[in-house]
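Q: Once you've had a glance at the structure underneath, I'll fire off some questions.
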Amino acid sequence: MRMIVRSSIIRLFDGRELSLGLVLIEMQGHYDRTSTGEMIMKKLFAVAILGVTLCLTGLVISGEAQAQRFVDNGNGTVTDTQTGLMWTKNANPIGKRNWYDAMAGCNAFSISGIGGWRLPSKDELVALYHAMQGGHPFTGVQSSYYWSSTSCANSADCAWSVCMFGGFAQASVKTDVYHVWPVRSGQ
């Protein structure tokens with residue numbers, strides 16, 4: 001049996017470095033001294049230890065990264081450190097509206113003296129849904145559809161809405177009424 005130790009350094013999105021160590025155990029059987037069953041058990045044990053180590057390392061990394069993904073700015077806004085977008089902490093600050101009123105409502109929206117809000121794109125909402133699965137500081141997230149600013153390519157009367165229960169998008173008639181979640185470029 002011999003042990004090989006390898007380490008790598010991973011640079012996280014916020015510039016910090018994380019050192020990961022990986023221990024590989026190579027077992028060579030000497031069948032004249034060790035039974036086949038005992039050799040198999042040793043190999044399985046080594047694989048199990050390696051698997052547990054890798055799983056725990058992955059949990060630590062993903063937990064740290066997720067904890068720093070969203071920053072509550074303390075003024076009713078939350079910054080997504082991965083995309084640089086700023087969202088309202090309240091996921092439904094102007095209620096349900098049709099698409100036209102949602103676009104106008106976001107453009108006129110202000111919170112804590114901060115303006116420059118807009119309706120998010122379909123891709124931004126879908127990405128936000130997936131990022132929120134590891135935890136988030138938002139309040140009032142509705143398990144239903146939110147308007148996006150993305151119009152349908154084949155119909156001027158339709159735009160995409162995103163379900164915050166499943167993260168999928170659907171084409172919706174712009175006169176339908178859905179929730180509205182303003183976003184802006186962070187600074």
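Q: Does any residue of region 173-185 turn out to be in the same structural domain as GLY116 (by TED's automatic domain parsing), touching a helix residue (DSSP H, G or I) at 6+ places or on another chain (Cβ under 7 Å) and over 24 Å from GLY115 (Cα atoms)?
A: yes
Q: Could you list, ordered by first residue, the pairs with Cβ atoms under 8 Å in which the first is in region 127-146 and within 14 Å of VAL78 (Cβ to Cβ) and the second is among the β-branched types (Val, Ile, Thr) and surrounded by 13 or more Cβ atoms within 10 Å (Cβ to Cβ), at least 6 apart or interchain?
A: Partner pairs satisfying both residue conditions: MET132/VAL141; HIS136/VAL78; PRO137/VAL78; PHE138/VAL78.
Q: Right, something else. Residues in region 118-138: is at least one surrounded by 21 or more Cβ atoms within 10 Å (Cβ to Cβ), in a loop (DSSP other than H, G, I, E, B) and not basic (Lys, Arg)?
A: yes
Q: May I ask you to list the residues in region 103-143 that are of a type in the set (S, T, N, Q) and in contact with a Ser or Thr (Cβ under 9 Å, 6 or more places away or on another chain)? Lay out the reasoning, then the answer.
A: The initial filter retains those residues of region 103-143 that are of a type in the set (S, T, N, Q), namely 107, 110, 112, 121, 133, 139, 142-143.
Within region 103-143, SER112, SER121 meet the criteria.
Q: Residue by residue through region 137-154, note down the ones that are within 13 Å of VAL180 (Cα to Cα) and aromatic (Phe, Trp, Tyr). Walk me through it before giving the result.
A: Going through region 137-154, the residues within 13 Å of VAL180 (Cα to Cα) turn out to be 140-149.
Listed by number, the residues that qualify are TYR145, TYR146, TRP147.
The values are calculated or read from the model by the stated rules, or taken from the named source; none is laboratory data. Fair warning: this is a prediction, and the values are worked out from it, not measured in the lab. Heads up, the Cβs are rebuilt from the backbone with ideal geometry, glycines too, and the neighbour counts pull from every protein chain shown.
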